[in-house]
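Peer 1: My questions will all concern the structure given below.
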Amino acid sequence: MRVWVSGRVPPGEVAGAARIVVTVVVAWQVAVWLGADQPPVYAAVVPLVALRGDPVTALGASVQRSLGVVAGVLIGIAVVNLLRPSTAALAVVVALGLGVGMFLRASGGLNIQVAASSLLVFASTSPDAYAWHRVWETAAGAVVTVGLAPLLWPPDPYRTLAGIAEDCRVRVARSLGGTAAVLGGGPGAARDNLSLVTAHAEAVHGDAVRAREAERAMRFNPVRWRHREGVRVRARGIAAVDRAAGEAVVLAGEVAAFAGREELAGDLARARAPLAEVADLVARVVEDVLGGADPAAGVVAARTAVAEYARTDSSPVAVALRRPFVRILDALTG
């Protein structure tokens, strides 16, 4: 087994750990004040398992995970009180936990916290200690978590989206510029470029998913509400670039298909210079869209370059190579 030790801890992780520590302590103390007759472990477990994951979506996911802990404890207590511990009872606990987790989803996926919390109760050496009155302890931890976490060093979706937007910009610019560069360079280079552009498009799509999650998570982040409009603008720009990245894959596919035909070598070589210019202009439009600037001037310049290419080269190859750029501009401005 290989263990990696990093010499630098991201500031976001320090804030996340501090948020968990403070919330765990407060949840424990609140349960004590409310009259817990045993160490209120479950009150502390809720923030420990809920406040984790992607900093963009942590606050939203904490709500689902908190509900998952409460539901899991209820399931575990019910099974322990109704059935004797056995393999069949274990199957019931896990099945019920996963079934409920399908409805109490966390970050869009199955909320396994329900089943995990159920198993913690079921696997206890003293199951009788988990009487029904212990449920309020877990509920108290959930209330403290949902109420306190958004106020303690909350994640900054606006700043996070700035990094996501930059990643999208670089990937799309490299996709367009790289495709123009391999024109006339042979089938091997074109196929390699297609693979690279496809990987870039998949990464941009993942960025777009995170951007949508960040926008939705703003409703759980009152301290950052002043950034709602900025997050909305950046998320919308990233969504547009996501659509454009798909068209960049189409362009790379066209180049890869044409590269294997010797009779088109001259057409591809002639297309390299004008398409490199178009690619550069379109990349500037992408930058404007991601930055929230008005892309109108850049769009006009890019469409003018495409029209000039159409005027100088009306061959079928040129038509096929221009079409994705037109659709990319439409995606960026639609």
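The values are calculated or read from the model by the stated rules, or taken from the named source; none is laboratory data. From a predicted model like this one, the values you see are computed outputs, not experimental measurements. Backbone-built Cβ (ideal geometry, glycine too); neighbour counts: all protein chains shown.
Peer 1: Output the residues belonging to region 98-137 that are at pLDDT below 75 and either among the acidic types (Asp, Glu) or assigned to a strand (DSSP E or B) (or both).
Peer 2: Matches in region 98-137: Ala106, Gly109, Asp128.
Peer 1: Given the conditions (1) modelled with pLDDT under 90; (2) surrounded by fewer than 19 Cβ atoms within 10 Å (Cβ to Cβ); (3) within 30 Å of Gly188 (Cβ to Cβ), report the number of the one that Ala259 does not fulfil.
Peer 2: (2)
Peer 1: Scan Arg243, Arg232, Arg236, Arg171 and give me the residue that is surrounded by 21 or more Cβ atoms within 10 Å (Cβ to Cβ) and under 21 Å from Asp288 (Cβ atoms). If you could, list the steps in order and put the result at the bottom.
Peer 2: Working: Arg243 fails: surrounded by 21 or more Cβ atoms within 10 Å (Cβ to Cβ); Arg232 fails: surrounded by 21 or more Cβ atoms within 10 Å (Cβ to Cβ); Arg236 fails: surrounded by 21 or more Cβ atoms within 10 Å (Cβ to Cβ).
Checking each option against the conditions leaves just Arg171.
Peer 1: Now, a different point. Take Gly260 and tell me if it is within 28 Å of the chain's Cα centre (by Cα) and assigned by TED's automatic domain parsing to the domain that holds Ser175.
Peer 2: Values: within 28 Å of the chain's Cα centre (by Cα): no; assigned by TED's automatic domain parsing to the domain that holds Ser175: yes.
When the stated conditions are applied, Gly260 does not pass them.
Peer 1: Of all residues in region 63-97, which are part of a loop (DSSP other than H, G, I, E, B) and in contact with a Phe, Trp or Tyr (Cβ under 8 Å, 6 or more places away or on another chain)?
Peer 2: We begin by selecting, within region 63-97, every residue part of a loop (DSSP other than H, G, I, E, B); these are 83-86.
If the condition is that a residue be part of a loop (DSSP other than H, G, I, E, B) and in contact with a Phe, Trp or Tyr (Cβ under 8 Å, 6 or more places away or on another chain), then Pro85 is the only one that fits.
Peer 1: So in region 4-57, with the set limited to residues that are assigned to a loop (DSSP other than H, G, I, E, B), modelled with pLDDT of 70 or more and more than 25 Å from the chain's Cα centre (by Cα), which one is nearest to Ala115 (Cα to Cα)?
Peer 2: Going through region 4-57, the residues assigned to a loop (DSSP other than H, G, I, E, B) turn out to be 4-10, 34-40, 51-57.
If we keep only those that are modelled with pLDDT of 70 or more too, we end up with 34-40, 51.
Next, only the ones that are more than 25 Å from the chain's Cα centre (by Cα) stay: 34-40.
On the way: Leu34: 27, Gly35: 27, Ala36: 24, Asp37: 26, Gln38: 23, Pro39: 23, Pro40: 20 Å.
By that ranking, first place goes to Pro40.
Peer 1: Just one of Ala88, Ala95, Ala140, Ala61 is modelled with pLDDT of 80 or more, of a type outside the set (Ser, Thr, Tyr) and surrounded by 20 or more Cβ atoms within 10 Å (Cβ to Cβ); which is it? Steps first, answer last, please.
Peer 2: On the way: Ala88 fails: surrounded by 20 or more Cβ atoms within 10 Å (Cβ to Cβ); Ala95 fails: surrounded by 20 or more Cβ atoms within 10 Å (Cβ to Cβ); Ala61 fails: modelled with pLDDT of 80 or more.
Just a single option satisfies the conditions, and that option is Ala140.
Peer 1: Go through (1) among the small types (Gly, Ala, Ser); (2) within 37 Å of the chain's Cα centre (by Cα); (3) assigned to a helix (DSSP H, G or I) one by one and return the number of the condition Gly266 breaks.
Peer 2: All conditions pass for Gly266, except number (2).
Peer 1: Taking only pairs six or more apart or across chains, which ones have beta-carbon atoms under 7 Å, a first residue in region 279-295 that is touching a residue at least 24 places away in the same chain (Cβ under 8 Å), and a second residue that is outside any helix (DSSP H, G or I)?
Peer 2: From residues that are touching a residue at least 24 places away in the same chain (Cβ under 8 Å), the pairs are Val285/Pro295; Val289/Pro295.
Peer 1: I would also like to ask the following. Can you tell me which of (1) farther than 16 Å from Ala181 by Cα; (2) buried (at least 17 other Cβ atoms within 10 Å of the Cβ); (3) over 20 Å from the mean Cα position of the chain (by Cα) is the one Ala297 doesn't meet?
Peer 2: The failed condition is (2).
Peer 1: Okay, moving on. Quick one: which of Ala279, Ala252 is in contact with a Gly (Cβ under 7 Å, 6 or more places away or on another chain), of a type outside the set (D, E, K, R), assigned to a helix (DSSP H, G or I) and assigned by TED's automatic domain parsing to the domain that holds Leu194?
Peer 2: Numbers: Ala252 fails: in contact with a Gly (Cβ under 7 Å, 6 or more places away or on another chain).
The unique qualifying residue is Ala279.
Peer 1: Of everything in region 69-99, what is in contact with a Gly (Cβ under 8 Å, 6 or more places away or on another chain) and farther than 18 Å from Gly141 by Cα? Give them in sequence order.
Peer 2: The answer is Val93, Gly97.
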